[in-house]
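**Q** Starting off with a structure, shown below.
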Amino acid sequence: VEDWTGMPNRRDKLIGELSDVGNVVAITGDIHAFFAATPFVIGDASKRIVELVTSSISSSALRNEFVEKASSDPAMAAAGAPALAFGIIGLLQDKEKKPSPQLAYANVTDHGYAVMEVGAETIEATFHAIDGKTDIENLYEDPSLASRFIPTHFTVKSGANDLFHEVDGVLKRWDP
């Protein structure tokens, strides 16, 4: 099992123990999407850690992988799974149903990388995203390549399990 949802009891035990340690920030990737979250023990949002996930630079973006998989299976395609896969971001961040209340940020359509600046007082994380359609372009000689990446910035303060997202120059604390 490669993600948090596979074993909820073990997930809660691990997150509970890590939150007791304090100052834990999980920095991960290889799921072809950008995520920023505060995974917490089910029923106790005070027992949480911070998680930052970076996307892929050249592999298909997560939504594209879901759509391709759903489209390649005749039964799934007939059942409308490609449309469901295409709308994954709405499912992940539905404001009313909150299927993933720990999820502060999700970008499942773009490629990119993350830069982490780790200091004594903060971890500053910047996701640099470029349109997911660029995987079919030859960008080696593109002089405007650097300007095509869109930054998204997060801050985690030392000793806290809070995630701050910079929006219009202002840090806003994520509250699940």
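The values are calculated or read from the model by the stated rules, or taken from the named source; none is laboratory data. The shown structure was predicted, so the numbers you read here are calculated from the model rather than taken from an experiment. Every residue, glycine among them, receives a Cβ derived from its backbone with ideal geometry; neighbour counts consider all protein chains shown. Surface areas here come from the heavy atoms of the whole protein model, side chains and all, with no ligands, DNA or RNA. Shrake-Rupley method; radii C 1.70, N 1.55, O 1.52, S 1.80 Å.
**Q** Of the conditions (1) part of a loop (DSSP other than H, G, I, E, B); (2) within 12 Å of the chain's Cα centre (by Cα), Ala36 fails just one. Which one is it?
**A** (1)
**Q** Can you run down the residue pairs with Cβ atoms below 8 Å, 6 or more apart or on separate chains, where the first is in the range 159-172 and touching a residue at least 60 places away in the same chain (Cβ under 8 Å) and closer than 14 Å to Thr122 by Cα and the partner is exposed (fewer than 15 other Cβ atoms within 10 Å of the Cβ) and of a type in the set (A, V, I, L, M, F, W, C)?
**A** Qualifying pairs under 8 Å: His165/Leu171.
**Q** Mind telling me which of the residues Ala33, Ala37 ends up being within 22 Å of Ala104 (Cα to Cα), at pLDDT below 90, open to solvent by less than 60 Å² (accessible area, probe 1.4 Å) and in contact with a strand residue (DSSP E or B) (Cβ under 7 Å, 6 or more places away or on another chain)? Let's see the steps before the verdict.
**A** Details: Ala37 fails: at pLDDT below 90.
Going through Ala33, Ala37 in turn, just one is within 22 Å of Ala104 (Cα to Cα), at pLDDT below 90, open to solvent by less than 60 Å² (accessible area, probe 1.4 Å) and in contact with a strand residue (DSSP E or B) (Cβ under 7 Å, 6 or more places away or on another chain): Ala33.
**Q** What single numbered condition from (1) within 23 Å of Arg11 (Cα to Cα); (2) in a helix (DSSP H, G or I); (3) among the acidic types (Asp, Glu) fails to hold for Glu51?
**A** (2)
**Q** Of everything in the range 1-30 that's surrounded by 15 or more Cβ atoms within 10 Å (Cβ to Cβ) and in a helix (DSSP H, G or I), which residue is modelled with the lowest pLDDT?
**A** Trp4
**Q** Identify the single condition in (1) modelled with pLDDT under 90; (2) more than 15 Å from the chain's Cα centre (by Cα); (3) surrounded by 13 or more Cβ atoms within 10 Å (Cβ to Cβ) that Ala83 does not satisfy, given that it satisfies every other one.
**A** Against the list (1) modelled with pLDDT under 90; (2) more than 15 Å from the chain's Cα centre (by Cα); (3) surrounded by 13 or more Cβ atoms within 10 Å (Cβ to Cβ), Ala83 comes up short only on (3).
**Q** Related question: Can you tell me which residue is surrounded by the most Cβ atoms within 10 Å (Cβ to Cβ) among those in the range 87-119 that are farther than 23 Å from Pro151 by Cα and at pLDDT 80 or above?
**A** Ser100
**Q** Any residue at all in the range 150-161 that is of a type outside the set (Val, Ile, Thr), open to solvent by 80 Å² or more (accessible area, probe 1.4 Å) and under 15 Å from the mean Cα position of the chain (by Cα)? Give the steps one after another, and end with the answer.
**A** Filtering the range 150-161 for residues of a type outside the set (Val, Ile, Thr) gives 151, 153-154, 157-161.
Filter again for open to solvent by 80 Å² or more (accessible area, probe 1.4 Å), leaving 151, 157.
Checking the rest, the ones that are also under 15 Å from the mean Cα position of the chain (by Cα) come to 151.
Taking every residue of the range 150-161 in turn, at least one turns out to be of a type outside the set (Val, Ile, Thr), open to solvent by 80 Å² or more (accessible area, probe 1.4 Å) and under 15 Å from the mean Cα position of the chain (by Cα).
**Q** Could you list, in sequence order, the residues of the range 40-58 that are exposed (fewer than 14 other Cβ atoms within 10 Å of the Cβ) and polar (S, T, N, Q)?
**A** The answer is Ser46, Ser58.
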